[in-house]
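A quick write-up on the structure given underneath.
The values are calculated or read from the model by the stated rules, or taken from the named source; none is laboratory data. Fair warning: this is a prediction, and the values are worked out from it, not measured in the lab. Cβ sites come from the backbone with ideal geometry, for glycine too, and all protein chains shown count toward neighbours.
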Amino acid sequence: MTKIAKIVKSNSHVDYVGRVIDRLDADAPPGVEDYGFAQFVSLPVADNFEVVGVVYDTLLVNPEYGQFGPRLSPAADLAVLSPDYLNEQGVLVGILLLGWRAGDVERRMGVPRRVIPVGQDVYRLDETQVGAFHRDGEGRVGLHYYSQIVAHAGAFAVPLIEAILEQLETVCTAEERQRFCVLKRSLAWQRTLGGVRL
């Protein structure tokens, strides 16, 4: 798994913020495709236990914005002339927790009981791992965290669910695809008429 971020704070028990690893943290930082919208992530909090979440928001941090004073050195020379200077610009990602995996067998969707500590590493889940997380004991694909997304993702809820459905289409049976198609039409209807006031 590719390490993409470290947890820096939380907004609630299921809504966490991670700072994306950059060139100061690692020789090979993750690419932008590793932490994009609707990217599933893993937070391994103990041996054989990991919390699963999804990236639902992004925020750019730039403490230098608004500081238009004169610069004594160009940015490239600061590493040599002032090695203690840190570039504090960065990317923060909002991570919504969706469930957990324990070992190779147990997979649950819902609110995890565990609290994620500050400094926890965040890893990108690949397509196979995402498919496995969404299958129940009988091998059916489900979205049992739907209400969690609606309750916590705010304005991003509908686009997030649509992006998740798009990712899951590759691992679905024809019958599951048909069910998801009905859900996609319902979401399109909500998005179209969501702003209409009667």
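Does region 167-175 include one or more residues that are farther than 16 Å from HIS134 by Cβ, part of a helix (DSSP H, G or I), among the β-branched types (Val, Ile, Thr) and under 23 Å from the mean Cα position of the chain (by Cα)? The answer is no; no qualifying residue exists. Take region 16-68 and flag every residue that is of a type outside the set (Asp, Glu), in a loop (DSSP other than H, G, I, E, B) and surrounded by 13 or more Cβ atoms within 10 Å (Cβ to Cβ). Within region 16-68, ILE21, PRO29, PRO30, TYR35, GLY36, PHE37, ALA38, GLN39 meet the criteria.
The residue list GLY154, GLY94 contains one member that is surrounded by 14 or more Cβ atoms within 10 Å (Cβ to Cβ), closer than 30 Å to PRO29 by Cα and among the small types (Gly, Ala, Ser), which is GLY94. Look at region 176-198: where a residue is at pLDDT 80 or above and among the acidic types (Asp, Glu) and a partner is surrounded by 10 or more Cβ atoms within 10 Å (Cβ to Cβ) and not in a loop (DSSP other than H, G, I, E, B), sitting 6+ places away or on another chain with Cβ atoms under 6 Å, you get GLU176/VAL141.
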